[in-house]
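Working notes, structure below.
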Amino acid sequence: MSSHSARSRRTTVPEFSAMKQAGKRISMLTAYDYTMAAILDQCGVDGILVGDSMSMVVQGHDSTIPVTLEEIIYHAEMVGRAVHNALLVVDMPFPSNHLGVHKAIANAGRILKSTRAQAVKLEGGADQAEVIHGLVSAGIPVMAHVGLRPQSIHQLGGYKVQRDEEILLNDARAAESAGAFAMVLECIPTSIAATITTELKIPTIGIGAGADCDGQILVINDLLGLTDGRLPKHVKQYADLRSGITSAVKAYCEEVQNGVFPTDEQSF
Ligand code: KIV
């Protein structure tokens with residue numbers, strides 16, 4: 001396989017932010033390895049996030065809390081080798097942005113130095129304003145994440161839609177004022193996401209936040225139908241790869257058992 005085919009210039013952070021003013025809707029997806037990231041990048045997705053959702057969809061944990069900074073960096077290195085067009089953003093895993101501004105800069109710095117990431121994402125709004133400001137002052141672009149914050153699942157008491165307009169607006173304003181260049185809005189009512197999107201100059205990227213956001217993001221495993229079990233309401237499944245893989249693997253096992261594979265065609 002050619003590793004660096006179709007090399008071109010990557011979307012920059014200012015270009016990504018400017019898409020809002022240009023009225024261009026932004027598409028983002030998660031990726032966790034080289035092969036998938038290369039496919040998404042060649043499809044023309046605007047942004048790729050190495051999300052801490054890898055804790056669940058790659059590592060099999062029941063929340064995003066267990067994944068470590070080292071593990072995120074390991075996967076982001078793979079993704080970084082594949083991305084030549086999209087903006088590459090990497091999540092700050094819990095609690096790498098909660099240990100003070102200096103530690104957050106050290107942790108985000110490690111992500112940027114090791115992975116070809118152009119920005120980090122962190123869960124937080126008003127409570128993380130100081131950290132966002134510190135990172136941005138150090139030259140590290142930050143995508144904020146407001147609304148449902150899966151890293152705070154124990155505090156929130158479940159994966160629930162966040163409906164407190166005052167808190168959400170306050171978080172969004174604080175993150176923008178602190179210097180965030182974009183913001184994920186997760187699982188909030190459409191009307192509140194629309195208000196935030198109208199008020200902010202930076203783009204909002206929705207997941208379960210309705211159609212009025214400046215862009216959308218989904219977990220790639222959900223979009224492709226790889227996820228086992230019930231999907232959240234905000235997911236649209238565009239393919240059923242789980243069934244496709246299941247039939248292919250069953251056919252292979254059967255052919256091996258019956259001596260049908262390999263034939264002369266696959267032999268030397
Ligand atoms: O970790 C993740 O995949 C995310 C997106 C769903 C926004 O934070």
Worksheet item: Can you tell me which of Pro203, Pro150, Pro189 is surrounded by fewer than 23 Cβ atoms within 10 Å (Cβ to Cβ) and over 24 Å from Pro95 (Cα atoms)?
Response: Pro189
Worksheet item: Has segment 154-161 got any residue that is in contact with a His (Cβ under 8 Å, 6 or more places away or on another chain) and in contact (Cβ under 8 Å) with a residue 60 or more places away in the chain?
Response: no
Worksheet item: Any residue in segment 44-67 that is away from the ligand (no atom under 12 Å from the Cβ), without any contact (Cβ under 8 Å) to a residue 60 or more places away in the chain, in a helix (DSSP H, G or I) and surrounded by 15 or more Cβ atoms within 10 Å (Cβ to Cβ)?
Response: no
Worksheet item: If you go through segment 118-139 one residue at a time, how many are assigned to a loop (DSSP other than H, G, I, E, B) and open to solvent by less than 10 Å² (accessible area, probe 1.4 Å)?
Response: 1
Discussion item. So, in segment 207-258, exactly how many residues are within 20 Å of Gln59 (Cα to Cα) and not in a helix (DSSP H, G or I)?
Written reply: 11
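Against the condition surrounded by 11 or more Cβ atoms within 10 Å (Cβ to Cβ), of a type in the set (A, V, I, L, M, F, W, C) and touching an Asp or Glu at 6+ places or on another chain (Cβ under 9 Å), how does Ala251 come out, does it pass? Break it down into steps so the answer makes sense when it comes.
Working: surrounded by 11 or more Cβ atoms within 10 Å (Cβ to Cβ): yes; of a type in the set (A, V, I, L, M, F, W, C): yes; touching an Asp or Glu at 6+ places or on another chain (Cβ under 9 Å): no.
So Ala251 does not fit the description; no.
Table: residues versus (1) farther than 23 Å from Arg163 by Cβ; (2) more than 14 Å from the ligand (Cβ to nearest atom).
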| residue | (1), (2) |
| --- | --- |
| Ser191 | no, yes |
| Ile202 | no, yes |
| Ala209 | no, no |
| Asp212 | no, yes |
| Gly229 | yes, yes |
| Pro232 | no, no |
| Arg242 | yes, yes |
| Ser247 | yes, yes |
Item to complete: Being within 16 Å of the ligand (Cβ to nearest atom) and hydrophobic (A, V, I, L, M, F, W, C) narrows it down to one of Ala178, Ala106, Ala172, Ala126, so name that one.
Response: Ala172
Response to the item:
The residue from Ala209, Ala180, Ala175 that alone is over 17 Å from the mean Cα position of the chain (by Cα), under 22 Å from Leu148 (Cβ atoms) and open to solvent by less than 20 Å² (accessible area, probe 1.4 Å) is Ala175
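The values are calculated or read from the model by the stated rules, or taken from the named source; none is laboratory data. All values reported here derive from a predicted model rather than from experimental measurement. A quick note on method: Cβ atoms are made from the backbone with ideal geometry, for glycine too, and the neighbour counts reach across all protein chains shown. Surface accessibility is based on the protein's heavy atoms, side chains included, excluding ligands, DNA and RNA. Shrake-Rupley method; radii C 1.70, N 1.55, O 1.52, S 1.80 Å.
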